[in-house]
Amino acid sequence: MNHTTWTSVDEYFSEHLLPPDAILDEVLHRSEAAGLPPYHVAPNQGKFLLLLAQMLGARNILEIGTLGGYSTIWLARALPQDGTLISLEANPTYADVAIANIARAGFATVVKVRVGNAGDILPILVHEEAGPFDLIFIDADKPRNPDYLAWSLKLSRPGTVILADNVVRNGAVSDSKSHDQNVVGIRRFVECITDDPRLSATTIQTVGSKGCDGFLLARVQTI
Ligand code: DHB
Ligand code: MG
């Protein structure tokens, strides 16, 4: 098995399980044209985010790391009309692209993109009592994941689901000697979860068009 096979399998399932989606195709096209890195989730992963949020009956979602708004739009589609989604983006150029993409997808009033370092905005959200969120998607700079987890817990209730993207990093996550700051960040994040009795967690390792990676899924059991 190799990347070509994984991509073919992703395409096979996406053709059968995901309807054609001109809006999301355009989001990817505009993001690429604006020079954003191709770090958005794959279409089948976006559908997973939608289904997860729907299964939770999510009304209030927090996303850490907007990029071009691709996963944001998948998540926003799960919300009821009076639902809210706050998405944090540190890069103002990415945020501009995302805000335009989100507006084109029809979610300008549902989604609030807040521009700045998540490390600065998360304490403000706690102060504003913006939580508790039903679902928190962590998909930003991996070295800061431990910090994002700590703030996410302050914005959670029992039953909140915290999902983190890119926890496998082509398998490097199991290398305890890695000096890659992304790997070190993910390993610290995992250790924080191990040590936190409030959380129950598992991972889903994925292969596909995005290579070998994975999600960490944690449920807040108690606060
Ligand atoms: C990277 C980050 C992501 O969120 C992603 O989906 C893929 C790659 C990265 O930092 O390399
Ligand atoms: Mg990601």
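If you go through segment 47-61 and keep only what is more than 9 Å from the chain's Cα centre (by Cα) and either within 16 Å of ligand 1 (Cβ to nearest atom) or hydroxyl-bearing (Ser, Thr, Tyr) (or both), you end up with Lys47, Phe48. If you go through segment 184-209 and keep only what is under 20 Å from His3 (Cβ atoms), surrounded by 16 or more Cβ atoms within 10 Å (Cβ to Cβ) and out of contact with any Pro (no Cβ under 9 Å at 6 or more places or on another chain), you end up with Thr206, Val207, Gly208. The number of residues in segment 168-191 that are within 15 Å of ligand 1 (Cβ to nearest atom) and either of a type in the set (A, V, I, L, M, F, W, C) or part of a loop (DSSP other than H, G, I, E, B) (or both) comes to 9. Taking the condition over 18 Å from Gly159 (Cβ atoms), within 14 Å of the chain's Cα centre (by Cα) and within 16 Å of ligand 1 (Cβ to nearest atom), does Leu67 pass? Here the answer is yes, as Leu67 does meet what is asked.
One residue stands out among those in segment 141-161 that are open to solvent by less than 30 Å² (accessible area, probe 1.4 Å) and assigned to a loop (DSSP other than H, G, I, E, B): the one that is nearest to Arg59 (Cα to Cα), which is Thr160. Kindly indicate the residue of segment 1-40 that is hydroxyl-bearing (Ser, Thr, Tyr) and touching a Gly at 6+ places or on another chain (Cβ under 8 Å) and also most open to solvent (accessible area, probe 1.4 Å) among those meeting that condition. For segment 1-40, the residue satisfying everything is Thr7.
Every residue, every condition in (1) closer than 22 Å to Ala164 by Cβ; (2) free of Cβ contacts under 8 Å to residues at least 12 places away in the same chain, yes or no:
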position: Glu63; (1), (2): yes, no
position: Arg77; (1), (2): yes, no
position: Ala100; (1), (2): no, no
position: Lys112; (1), (2): yes, no
position: Glu128; (1), (2): no, yes
position: Ile138; (1), (2): yes, no
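Checking the stated criteria, Ala42 turns out to be within 14 Å of ligand 1 (Cβ to nearest atom) and either of a type in the set (D, E, K, R) or more than 17 Å from Tyr94 (Cα to Cα) (or both). Counting the residues of segment 108-120 that are open to solvent by less than 70 Å² (accessible area, probe 1.4 Å) and farther than 16 Å from Asn60 by Cβ gives 4. Residue check: Gly131 meets all listed conditions (1) open to solvent by 10 Å² or more (accessible area, probe 1.4 Å); (2) closer than 30 Å to Ala22 by Cα; (3) in a loop (DSSP other than H, G, I, E, B); (4) of a type outside the set (D, E, K, R) but one, namely (2).
Hey, could you check segment 195-217 for residues that are more than 16 Å from ligand 2 (Cβ to nearest atom) and of a type in the set (Gly, Ala, Ser) and say which is farthest from Ala140 (Cα to Cα)? Ranking the qualifying residues of segment 195-217, first place goes to Ser200. Residue-level check: of (1) touching a helix residue (DSSP H, G or I) at 6+ places or on another chain (Cβ under 9 Å); (2) within 15 Å of ligand 2 (Cβ to nearest atom), Tyr39 misses just (1). The C-beta contact set for segment 175-190 (first residue closer than 13 Å to Ala140 by Cβ, second residue of a type in the set (A, V, I, L, M) and assigned to a loop (DSSP other than H, G, I, E, B), distance under 8 angstrom, 6+ apart or interchain) comprises Ile186/Val167; Phe189/Val167.
The values are calculated or read from the model by the stated rules, or taken from the named source; none is laboratory data. These figures come from a predicted structure and were not determined experimentally. Here the Cβ is made from the backbone with ideal geometry for all residues, glycine too, and neighbour counts use every protein chain on show. Quick note on the areas: whole protein, heavy atoms, side chains included, nothing else; ligands and nucleic acids left out. Shrake-Rupley method; radii C 1.70, N 1.55, O 1.52, S 1.80 Å.
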